[in-house]
1. Search the range 174-202 for residues being over 21 Å from V27 (Cα atoms) and in a loop (DSSP other than H, G, I, E, B), and hand back the single one that is modelled with the highest pLDDT.
2. I'd like the full set of residues that are within 19 Å of L16 (Cα to Cα) and either open to solvent by 20 Å² or more (accessible area, probe 1.4 Å) or among the acidic types (D, E) (or both), limited to the range 56-85.
3. Looking at (1) modelled with pLDDT under 90; (2) under 21 Å from D133 (Cα atoms); (3) not small (G, A, S), which is the only condition D205 fails?
4. Considering only residues that are open to solvent by 50 Å² or more (accessible area, probe 1.4 Å) and hydroxyl-bearing (S, T, Y), look in the range 149-176 and name the one that is farthest from H139 (Cα to Cα).
5. Six or more apart or on different chains, Cβ under 7 Å: which pairs go from a residue in the range 20-49 that's hydroxyl-bearing (S, T, Y) to one that's open to solvent by 70 Å² or more (accessible area, probe 1.4 Å)? Could you list them?
6. Give me the residue from the range 38-49 that is β-branched (V, I, T) and at pLDDT 95 or above and, out of that set, nearest to the chain's Cα centre (by Cα).
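The values are calculated or read from the model by the stated rules, or taken from the named source; none is laboratory data. Treat the numbers as computed from the prediction; the structure is a model and nothing was measured. Note: ideal-geometry Cβ built from the backbone for every residue, glycine included; neighbour counts use all protein chains shown. Protein only, heavy atoms only, side chains kept; ligands, DNA and RNA dropped before computing areas. Shrake-Rupley method; radii C 1.70, N 1.55, O 1.52, S 1.80 Å.
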Amino acid sequence: MRILVIEDEPKTAAFLQKGLTENGFIVNLAHNGQDGVHLATTIHHDLIILDVTLPKLDGWSVLTEIRQHNKKIPVLFLSARDEIQARVKGLSLGADDYLIKPFSFLELLARIHSLLRRSQAHVQEPPILRIADLEIDVHKHKATRNSQRLDLTPKEFALLSLLARHQGQLLSRTLIAEQVWDMNFDSDTNVVDVAVRRLRSKLDDPFAKKLIHTIRGVGYVLEDR
């Protein structure tokens, strides 16, 4: 699970990053509102922790921008502003929870897990993903094409599943690197291209119809053309 923390106070940001990382989360940090909006709208996150008082763009404006791009991602306000009006404003703008500073980390963690459970309950991923003659059983980690079993490594299966869940959508190399390898994309490495090439050798090369398509300079799309 990847969490974005938008917090300008260095000690609080470092505390959150350390605590959340120790509890198994991948944490991205933004120290002002503009950077927060950029990270929230260009990188997939499972949850956002957002301060109200931020430089460059306040938390209210950040949340408004986020909701224009993503209606479903859980957003938890973490703020020293404890007046009822602030809490009401945050929730009415689309926040899912509002926690007042100073806070108990255990309470924050409990609220995060609650929001993630609620979010995941609304995402009913089908157990079988299908495109053309390709079938992917996401629970059994099994993929077949034209009823022939594909011998995929765990990373190849993760890559194929990601493309299949977003079939017809262009996925950038950056997004693929973050989702499959949990890494920030480095333009000097061709790890994504190499992995796609290996996947194609098993998924597409033995068959007349090709399912993985390259968008030059951008990324890849899985679709039945």
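1. N190
2. Within the range 56-85, A80, R81 meet the criteria.
3. (1)
4. Step by step, filter the range 149-176, then rank; the result is T174.
5. Within 7 Å, the pairs are T41/H69.
6. In this case the residue turns out to be I48.
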